[in-house]
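Peer 1: Handing you a structure now.
Coordinate-derived values only; no laboratory data. These numbers come from a predicted model, not from an experiment. Cβ coordinates were reconstructed from backbone atoms using ideal geometry, including for glycine residues, and neighbour counts include every protein chain displayed.
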């Protein structure tokens, strides 16, 4: 484990940034409660919280737990979080945990031993709030002091525990995610741990616990206990890789001799729909740990669900006698892999893992230690190793990921079978005609200045399109490159940039689409290679501005411009319209088209019973989808239905009929 390079002159701007961010986001300084945020700029959608845990128990279908690739419905983590163990001055041993073996959200919350930090003397203390920043110049959370494309920061402590169990530690977590394609397969979790008590802590260990689980939520359902195909927790393989000289040779990686990473994959890959791997790599610890002579600096343990020790330290079980506690597992130098006398850790099962490093012999009041992990994913074992190595290099380089111009912020407009993508090119002057500083975010993307060379580096745009609701692989491997634009400068293709529309925005028009079907679009910026500096092309990331659109008509003000129509009509459940690939259903949708900008749609049975009300208010999109469910979320029977569309601006009413066939 190597130390990262220092980031100079960071402290003062960082403190000022905290104050500015809180003033902007928390005008009244009301103390927030638990907050969960998901990373969404790279290929991993990882939920992190201000309680020290990660993942969301697969309890929220609208927010990923640890989804990879993002928007694929392939999940990789049930729950995870930080463990800190130490000996107190009175000789007792305690472990504060952000996550333990738990069956669901309610049980997990009861076991939480960290909670969001609150300064009782200052409700406006910046550390009371979860902060979200970005180093992407076009992001609304942009700040030059952000370390990554999405930089989430939260502070938590263990003050919620009974006093006798408190270690008195306060933790600042930084969750760092990047969008460039060479750094989008991992999220770094950096923990700064302060002894906030008045007593010295001894023999401190820090670990990361996780209950990883790999599967596809469209195949096995974790959100419904009564699902016909419930989530399968019992078919995962787990293991760990360790540093050369500390673990058996077959569990080392000669090309990466200092690696410490626990991993998991699904046994059968759910028939090819969940074949990716997930890992948790220990990137480093500062100051360096001091293990006893002959002991490795890392302990790794796996156990089947419900196998977590019941106590922090050694305890006696009625049936099994004396058992190690959590602290003993963090500190014993264990490495539970393969077939051992304790059990067969190579079998598929519902595994839970914990990897810890230490000890720091003494942590005095006010002192800080730092431990950094990465949540890493890959298409296979080799991809996992390669991606984890990039995370290690990012850590060792002070979290510096080289980048080029950011992706532009996209807007979409619609016509029949057509999508119009629009974005601002950036500028060199402000509204008053004054020259903008070279590092000003308003210059991006086309007037972006490289942080490496100090010179403009924008070269062009690439437009990607993917037809489908779920992106089941790396988007660059499945999306179609529908257009590439390159500035005319003698470098590259010299195709020129897309034209500016009357609003001064770049515009790309994609035609020949199918109204009502889902399409993902991304416009990626890229820099020119710099031969003199030996720099390659730096592209921005697909998910930095990826947007899901459904082509259809623009809104119409009156019926004279065309009547409201319904497609498909008749609607056949499971039709090619819903399911263009003929395999996985994309979700039932009936589209109302040619709508006014503001209108209300009511759907009735022929007997006059109200089935559903839809509200539409959109100045650029003249359609809305009905999920073919009633007002109460119930399935709709086959039959004839009547719809009434009221124009909320003119009062005009249109009526029509639709047929549902199942």
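Peer 1: Taking neighbour Cβ counts within 10 Å as the exposure measure, how do 170, 326 sort from fewest upward? Walk me through the numbers on the way to the answer.
Peer 2: Values: 170 20, 326 27.
Fewest to most other Cβ atoms nearby, the residues stand as 170, 326.
Peer 1: What's the long-distance tail for segment 411-549, i.e. % of Cα pairs beyond 26 Å?
Peer 2: On the way: 2834 of 9591 pairs.
Roughly 30 percent, rounded to a whole number.
Peer 1: Report, to the nearest 10°, how far helix 381-396 tilts away from the longest principal axis of the Cα atoms in the chain, using its own Cα long axis and a range of 0 to 90°.
Peer 2: 70
Peer 1: Could you line up 421, 382 from fewest to most neighbouring Cβ atoms inside 10 Å?
Peer 2: Working: 421 26, 382 10.
Lowest count first: 382, 421.
Peer 1: Pull out a ≥ b ≥ c, the square roots of the eigenvalues of the alpha-carbon gyration tensor of segment 373-470, then state rounded if a/c is under 1.5, prolate if not and a/b is larger than b/c, and oblate in the remaining case. Before the final figure, lay out each step's value.
Peer 2: Values: a/c = 3.25, a/b = 1.22, b/c = 2.66.
The shape class here is oblate.
Peer 1: Only helical DSSP H runs with n ≥ 4 go in: add -39500 (n - 2.57) per run for the chain, normalise by residue count and round the 222 nm mean residue ellipticity to 500 deg cm²/dmol.
Peer 2: Values: 6 runs with 52 residues, N = 662.
Computed mean residue ellipticity for the chain: -2000 deg cm²/dmol.
Peer 1: Return the inverse of the average 1/r over all pairs of distinct C-alpha atoms in segment 33-396, which is the Kirkwood hydrodynamic radius, in Å to one decimal. Don't jump to the answer; show the numbers that get you there.
Peer 2: Details: mean 1/r = 0.0486 Å⁻¹.
Every distinct Cα pair counted, the radius reaches 20.6 Å.
Peer 1: Using the number of other C-beta atoms within 10 angstrom as an exposure proxy, rank 616, 151, 440 with the fewest first.
Peer 2: 440, 616, 151
Peer 1: Another question about this same structure. Write down Rg/Rh for the chain, rounded to two decimals, with Rg from the C-alpha atoms and Rh from the Kirkwood relation over Cα pairs. Before the final figure, lay out the partial values.
Peer 2: Values: Rg = 27.2 Å, Rh = 27.3 Å.
Rg divided by Rh gives 1.00.
Peer 1: Relative to the longest principal axis of the chain, what angle (0 to 90°, nearest 10) does the C-alpha long axis of helix 11-25 take?
Peer 2: 50
Peer 1: Please list the three semi-axes, largest first and in whole Å, of the ellipsoid equivalent to segment 98-238, using sqrt of 5 times the eigenvalues of its alpha carbon gyration tensor. The partial results should precede the final answer.
Peer 2: Numbers: eigenvalues 181, 130, 46 Å².
Sorted largest first and rounded, they come to 30, 26, 15 Å.
Peer 1: Next up: Shape of segment 28-178 from its Cα gyration tensor (a ≥ b ≥ c, root eigenvalues): rounded if a/c is under 1.5, otherwise prolate when a/b > b/c, or oblate?
Peer 2: Working: a/c = 2.06, a/b = 1.31, b/c = 1.58.
Cα axes put segment 28-178 in the oblate bin.
Peer 1: In whole angstrom, note down how far apart the Cα centers of segment 503-566 and segment 361-402 are.
Peer 2: With segment 503-566 and segment 361-402 each reduced to a Cα centre, they are spaced 34 Å.
Peer 1: For segment 378-430, what's the radius of gyration and Dmax over Cα atoms, in angstrom?
Peer 2: Final numbers for Rg and Dmax: 19.0, 51 Å.
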